[in-house]
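Below you'll find the structure, written out as structure tokens, and then a few comments.
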Amino acid sequence: MMNSIKILVVEDDELIRENILDLLDAEDFEGLGAENGYIGVEIAKAQIPDLILCDVMMPELDGYGVLEELRSEPKTAMIPFVFLTAKAEKNDVRSGMELGADDYLTKPCLPDELLKAINTRLDKQARIKEASQGQLDELRESITRSLPHELRTPLNGIMGFAELMSYEAEDLKPEEIREMADQILESSNRLYRLIQNFLLYADLELVSKNSDRLQQWRSQSTASIRATVEEMISLKADRFGRMGDLKYDLEESPVQIETSRLQKLVQEAIDNAFKFSPTGTPVRVMTKVKENTVLLTVINSGRGMTPEEIEQVGAYMQFNRKLHEQQGSGLGLAIAKRMAEIHQGSLTITSIPDEETRITITLPTGS
């Protein structure tokens, strides 16, 4: 009976390729053959095999090119990859491992050696998947067990106003219905953002424990920090009705973080500034480039934060603790801090109560 495990063999030598496929078939694996690197990449993206055996020395697109192409795609980045080569020089081994190869076999190799390498990689991949699934199960259980009060608050508002509209529909005036509908919409948006934040923080914790995803995240960049920051702070200022309070001075630089994650960092910092400072007081935003680092600073003149509140943001929120310890803006800033650190940066907060709060985010400059 055919095993559901698919193994792709990328090999330009037809005799070697067919011999390996025959061996895989005898061991009840589902073998997929590709006679060159380009076809191998296409099959890998379409079929998502469980493991790839790939020759190094091939015309046009060699094995290194195949590996680099597949590692750059999220859906193929985690597939175990084993090089097959007639060259056993140390430089070749090092080059393959630096690109993310999982193993390296020298041709010709005995069937037992090939099968041992295959089973070793499959077993390792299964353990990784099992560990990741265990982490996800733990997160789900903890979130369900410790659902914070702040998530229930907007839900209660939605249910309460909806129930009132349902029972009193005939007696309500149009303006009363509109006011209740606005309250439901506001509570819904708040609930949606809170849920998204909790799911994002869970994903950040998983990324921090997965070296492949971590490397992938850190390889992405944004061409213009000035354009991204200006867009986000203007949107927030308009939403709070405080365009007149917004002051900014933005230096230009590429930055080593993907655009949507940079937007999230800026959103949480500027949201905190507007939320906890009175209308009519300035909110200042600056970006400065120092050597290989970009500094993003957001300053507001509001009620400030106590040392205890700052410490709470600084402590990583662990999902085996009660989630109500991190609520509202605390969760948003905890997310921003964790995201900055995942990208080899930092987030720090300094505050003088009733005078000033300053959030400083550092990130590596992009290329």
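Here are the numbers for the structure shown:
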quantity: Close pairs from the stretch 116-140: first assigned to a helix (DSSP H, G or I), partner at pLDDT below 75, Cβ under 8 Å, at least 6 apart; calculated: E138/F319; E138/N320; L139/F319
quantity: Any hit, the stretch 148-168, residues being among the charged types (D, E, K, R), over 23 Å from K264 (Cα atoms) and at pLDDT 80 or above; calculated: yes
quantity: Residue within the stretch 241-264 that is in the same structural domain as I342 (by TED's automatic domain parsing), closer than 20 Å to T350 by Cβ and crowded, with 18+ Cβ neighbours inside 10 Å present; calculated: no
quantity: Number of the condition not met by T120 [criteria: (1) of a type outside the set (K, R); (2) at pLDDT below 85; (3) surrounded by fewer than 15 Cβ atoms within 10 Å (Cβ to Cβ)]; calculated: (2)
quantity: Output for the stretch 50-98, where each listed residue is in contact with a strand residue (DSSP E or B) (Cβ under 6 Å, 6 or more places away or on another chain) and modelled with pLDDT under 75; calculated: A88, V93, G96
quantity: Output for the stretch 342-355, where each listed residue is within 18 Å of E309 (Cα to Cα) and crowded, with 16+ Cβ neighbours inside 10 Å; calculated: L347, I349, S351
quantity: Check on S187, small (G, A, S) and at pLDDT 85 or above; calculated: yes
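The values are calculated or read from the model by the stated rules, or taken from the named source; none is laboratory data. Being a predicted model, the structure only gives us computed values, none of them experimental. Neighbour counts run over all protein chains shown; Cβ positions are idealised from the backbone, glycine included.
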